[in-house]
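Data first, discussion second: the structure below is written as structure tokens.
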Amino acid sequence: MSFYQHISSFSDYLHSIRKLEDYLSFDIFFPVKWGVPKSIIDEGKIVPFESGDENYKGFSFVSSLNEKDVNDTINKIIRTIKLNKDREIKDKLFRDTIDKLKQTFEKNDLDKLKKLYFDFNIEETTLNDEQDGQIPDNPELA
């Protein structure tokens, strides 16, 4: 995949790309409600910065200037965006489901509601740290 194809997948969030000696810095603006997975923060190659817009927060994803590290960094950016978008969709689905459940309780009598049964037939999987609540709403970065 070309450099352009990689960058185009997150161009809506890209603020700038800078070369700093032997490093590349991808400066990204994310919505304030988004977070960065703890596993990426722990690697220490992320630096928060003020975006200048109260609706966005800035992160510099820093990479050594070599093909492997640049590709790894780009993949981390893409993964962070995907995880946050997935979380937004799940949150919306949850709110919509709660609204439908409220309507069901408002429209039906108690005898019918006592017979209500939920069967969640979702295949269980092992959760990794990104799926296990490690994307905080307001991550604390040291």
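Among the candidates 86, 91, 132, 111, the residue that is farther than 14 Å from residue 13 by Cα, in a helix (DSSP H, G or I), among the acidic types (Asp, Glu) and at pLDDT below 95 is uniquely 111. Of the residues making up region 21-50, those that are closer than 16 Å to residue 81 by Cβ, touching a strand residue (DSSP E or B) at 6+ places or on another chain (Cβ under 8 Å) and not aromatic (Phe, Trp, Tyr) number 7. Taking first residues from region 28-51 that are closer than 12 Å to residue 73 by Cβ and partners that are in a loop (DSSP other than H, G, I, E, B) and at pLDDT 85 or above, the Cβ contacts under 7 Å between residues at least 6 apart in sequence or on separate chains come to 28/13; 46/36. Considering only residues in region 24-65 that are surrounded by fewer than 16 Cβ atoms within 10 Å (Cβ to Cβ) and hydroxyl-bearing (Ser, Thr, Tyr), the one that is modelled with the lowest pLDDT turns out to be 39.
Select from region 65-82 the residues that are touching a strand residue (DSSP E or B) at 6+ places or on another chain (Cβ under 6 Å) and in contact (Cβ under 8 Å) with a residue 40 or more places away in the chain and list them in ascending order.
Across region 65-82, the qualifying residues are 65, 70, 73, 77.
Residue selection: residue 9 satisfies the criterion of being surrounded by 12 or more Cβ atoms within 10 Å (Cβ to Cβ) and in contact (Cβ under 8 Å) with a residue 40 or more places away in the chain. Within region 89-105, residues that are closer than 18 Å to residue 117 by Cβ sit with their Cβ atoms under 7 Å from residues that are at pLDDT below 95, at 6+ positions apart or across chains, in these pairs: 105/113.
Every condition in (1) farther than 17 Å from residue 70 by Cα; (2) in contact (Cβ under 8 Å) with a residue 40 or more places away in the chain; (3) of a type in the set (Asp, Glu) is met by residue 22 except one, and the failing one is (1).
The values are calculated or read from the model by the stated rules, or taken from the named source; none is laboratory data. Only a predicted model underlies this, so the values are computations on that prediction, with no experimental measurement involved. Positions of Cβ are generated from backbone atoms using ideal geometry, with glycine treated the same way; all protein chains shown enter the neighbour counts.
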